[in-house]
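I have placed the structure first, in the form of structure tokens, so that the comments after it can refer back to it.
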Amino acid sequence: MDINITGPKILYEFDWGLPVLGNFRITETLAVSWLVMLIITGLCIFLTRNLKVENISRRQAFAEMLVEMADNFVIGNMGEKFASFVPFVAALFATSVVSNLIALVGLYSPTADVNTEAAWAVVVFVIITAQKIKASGVGGYLKGYTKPIFVMTPLNILSELATPVSMACRHFGNILSGTVIGGLIYSSLAVASAALLGLIPGAVGDLLSKIPILDVGLPAVLSVYFDWFSGVMQAFIFCTLTTIYISNASEG
């Protein structure tokens, strides 16, 4: 389906069920990522309304607690001189957590798409490179690739490029594995439910065999680990590595 609108040329079509704007395909990952950003923005607006110096509300106390936790995390890992990175690391952590946990409401998790983590890793890599250049200068940064001897230059370049790749693949692999395992468990329990309840003779067995009763309960317990614990932990690990790499880069 093509729709041409007069004025600025806009081409909107559907290709294999995915909306396309010109040459830009709007995937499920992108759509849910926008939703994640809207959720985080809405929460920030909600938590920071009507701020007071005295007699603060529970909402403001919770917001101040989150800010204090972010300050302690970044400054504790990087030092006081890196306090300016608190908003970036906090935004990265919040985006990762919400993206991981949004699967609980049946939406596709953006972090189950390697492109999401790759984009985050590229941003972190650019910051790391900027910190190295800031600490050693352009000449010193380039010279670092030749240490300890010149023949190590190719390996040093590969090592540098491995940083964002390893960060992206680690986060992506853990989230995707949890999603796959969860799907396998749901499917297996549905098959088991149909097989067991199908043993009941008559119309009752036929009816119950079509209801995945075993899918109720156990998957919810397993999601405590695969969705809640693992999702938050992967966001924590990604942000921890980010702070460590950036602080180490500033040492030259």
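The values are calculated or read from the model by the stated rules, or taken from the named source; none is laboratory data. Owing to the predicted nature of the structure, the values given are computational and were not obtained by experimental measurement. Note that each Cβ is placed from the backbone with ideal geometry, even for glycine, and that neighbours are counted across all protein chains shown. When the accessible area is computed, the model is the full protein with side chains, heavy atoms only, and any ligands, DNA or RNA have been set aside. Shrake-Rupley method; radii C 1.70, N 1.55, O 1.52, S 1.80 Å.
Which residues, counting only those in the stretch 170-193, are surrounded by 14 or more Cβ atoms within 10 Å (Cβ to Cβ) and closer than 16 Å to Phe238 by Cα?
If the condition is that a residue be surrounded by 14 or more Cβ atoms within 10 Å (Cβ to Cβ) and closer than 16 Å to Phe238 by Cα, then Arg170, His171, Phe172, Asn174, Ile175, Leu176 are the ones that fit.
Tell me the residue from Thr95, Thr116 that is under 8 Å from the mean Cα position of the chain (by Cα), in a helix (DSSP H, G or I) and more than 21 Å from Glu160 (Cα to Cα), please.
Thr95
Going by what's in this entry, would Ile102 be described as open to solvent by less than 70 Å² (accessible area, probe 1.4 Å), touching a residue at least 24 places away in the same chain (Cβ under 8 Å), of a type outside the set (Asp, Glu) and within 19 Å of Gln234 (Cβ to Cβ)? Explain how you work it out, then say what you get.
Numbers: open to solvent by less than 70 Å² (accessible area, probe 1.4 Å): yes; touching a residue at least 24 places away in the same chain (Cβ under 8 Å): yes; of a type outside the set (Asp, Glu): yes; within 19 Å of Gln234 (Cβ to Cβ): yes.
Spelling it out, Ile102 is indeed open to solvent by less than 70 Å² (accessible area, probe 1.4 Å), touching a residue at least 24 places away in the same chain (Cβ under 8 Å), of a type outside the set (Asp, Glu) and within 19 Å of Gln234 (Cβ to Cβ).
Give the residue that is modelled with the lowest pLDDT, with candidates limited to residues of the stretch 159-193 that are closer than 19 Å to Asn100 by Cα and of a type in the set (Val, Ile, Thr).
Thr179
From the list Lys143, Lys134, which residue is free of Cβ contacts under 8 Å to residues at least 40 places away in the same chain and basic (Lys, Arg)? Talk me through it step by step, then tell me what you get.
On the way: Lys134 fails: free of Cβ contacts under 8 Å to residues at least 40 places away in the same chain.
None of the other options fit; the residue is Lys143.
Provide a single number: the residues in the stretch 119-132 that are open to solvent by 60 Å² or more (accessible area, probe 1.4 Å) and over 13 Å from Ser166 (Cα atoms).
We begin by selecting, within the stretch 119-132, every residue open to solvent by 60 Å² or more (accessible area, probe 1.4 Å); these are 122-123, 126.
If we keep only those that are over 13 Å from Ser166 (Cα atoms) too, we end up with 123, 126.
Residues flagged as open to solvent by 60 Å² or more (accessible area, probe 1.4 Å) and over 13 Å from Ser166 (Cα atoms) within the stretch 119-132 amount to 2.
Would you call Ile175 in contact with a Phe, Trp or Tyr (Cβ under 8 Å, 6 or more places away or on another chain), among the hydrophobic types (A, V, I, L, M, F, W, C) and part of a helix (DSSP H, G or I)?
no
Restrict the check to the stretch 111-118 and report whether at least one residue is open to solvent by 50 Å² or more (accessible area, probe 1.4 Å) and of a type outside the set (Ser, Thr, Tyr). Don't jump to the end; show me each part of the working.
Let us first name the residues in the stretch 111-118 that are open to solvent by 50 Å² or more (accessible area, probe 1.4 Å), namely 114-115.
Among the residues that remain, those that are also of a type outside the set (Ser, Thr, Tyr) are: 114-115.
The answer is yes; a qualifying residue exists.
Under the condition of being exposed (fewer than 12 other Cβ atoms within 10 Å of the Cβ) and under 28 Å from Ala112 (Cβ atoms), which residue from the stretch 1-33 is modelled with the lowest pLDDT?
Phe14
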